[in-house]
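Presented below is the structure to which this report refers.
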């Protein structure tokens, strides 16, 4: 658990009204969603999988530790990771509780694997993760024959007695969630027959892409705005090398910083461009952002490219609710961009933000309000009132142990008239290792980005 009583940390800038222009080229850390899945699928495959570009943040390292505890041989050789898997159904009972730290993705996907393995296990996490809803996975997974127990409110710790002969699942996901979808599919890997998942709105499809990459039979049928995913259970997954692209959610922070700091030009190299992850890029372009995709290519079944970002005067937009699944983690930093845009930006359908590491909807509004930006919450919509000028700043950002709020607050501090104070940044490395140093390096001559 992180100590939130530590002294405040400041997002510092030069004393001029705005940070110095940014002119840089940088590689984005590996995609966290794909990194989790590469370790899990490698552990379920036969043979040795080589992973290049794995995100080495705390969240992903927790997944590596969990898969080791389940019997996989995982080792690091410089920037390359090797995973010797045990095959479908070959994992062993862990000797201790599996602590997933702050990672909801790791906890929920892992629960799907454990539900169809015939042994006992317990998943827990830090204080933030233990407050997050887990019934969304425990209820559908129990239908495979597993016995799953959580706290009375549906939160972690979660005890799982996996099914001895898992049944295939047929599940309509009630709220768009790639984590729930993936948990059901991972459970179905060790069940004889066809597991079916239907989602009313398409969510990120890294699990489907990687399952195919490892040799599973996956069929996707488009039905209206939704998708039906069919997985044939008990395949023999074969080891397959994975090149992890740069995380588009991580790219969002230097991207927005470059847009807001006048005269800036940044090239973000090797960013994942999966169309189900690029809602922020679409929205920023609608706001007038100068974003250019260069060197587009496919690596390991995922679209990848370099993104040239140049500072732009932004205008307000109305973001439709159906775009939320493709940018669910980027709304806090989009709100930072909207604070400097001209007009009222409305972001619709953000109910899912209330169930993240914090209530991100309320916390994002509080971050901007504390720094002189007018905001309103109407139902599940967030309205940000910008006037085309730098926000006043001078306030405190309370992060609630949420790394994306902390990083968004740091980006906000680059564009405000007065410095922004962040209450805690100790957990940022769980998502983006070296973030503060990287951002400081983008601004020649600036003070340290985080100073006591």
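Out of everything in segment 426-436 that is in a loop (DSSP other than H, G, I, E, B) and on the phi < 0 side of the Ramachandran plot, what residue ends up being surrounded by the fewest Cβ atoms within 10 Å (Cβ to Cβ)? The selected residue is 426.
Just one of the listed residues (310, 234) is at pLDDT 95 or above and over 29 Å from residue 86 (Cβ atoms), and it is 310. When residue 36 is tested against the conditions (1) under 13 Å from residue 242 (Cβ atoms); (2) surrounded by 24 or more Cβ atoms within 10 Å (Cβ to Cβ); (3) touching a strand residue (DSSP E or B) at 6+ places or on another chain (Cβ under 8 Å), the lone failure is (3).
Screening 410, 438, 382, 368 for residues that are within 26 Å of residue 315 (Cα to Cα) and modelled with pLDDT under 95 leaves exactly one candidate, 410.
Scanning segment 173-200 for residues that are under 16 Å from residue 329 (Cβ atoms) and assigned to a loop (DSSP other than H, G, I, E, B) yields a count of 3. Confirm whether residue 212 is free of Cβ contacts under 8 Å to residues at least 60 places away in the same chain and not in a loop (DSSP other than H, G, I, E, B). In short, no. Counting residues in segment 74-81 that are out of contact with any helix residue (DSSP H, G or I) (no Cβ under 7 Å at 6 or more places or on another chain), outside the structural domain of residue 426 (by TED's automatic domain parsing), modelled with pLDDT of 95 or more and crowded, with 16+ Cβ neighbours inside 10 Å gives one or more.
Residues checked against (1) out of contact with any strand residue (DSSP E or B) (no Cβ under 6 Å at 6 or more places or on another chain); (2) outside the structural domain of residue 54 (by TED's automatic domain parsing):
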site	(1), (2)
171	no, no
189	yes, no
255	no, yes
272	no, yes
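On the stretch given as segment 219-254, residues that are surrounded by 18 or more Cβ atoms within 10 Å (Cβ to Cβ), in contact with a helix residue (DSSP H, G or I) (Cβ under 8 Å, 6 or more places away or on another chain) and assigned to a strand (DSSP E or B) total 3. Scanning segment 168-180 for residues that are surrounded by fewer than 24 Cβ atoms within 10 Å (Cβ to Cβ) and within 21 Å of residue 237 (Cβ to Cβ) yields 168, 179.
The values are calculated or read from the model by the stated rules, or taken from the named source; none is laboratory data. Bear in mind that the values here come from a model prediction, so they are computed numbers and not experimental data. All Cβ positions, glycine included, derive from the backbone under ideal geometry; neighbour counts span all protein chains shown.
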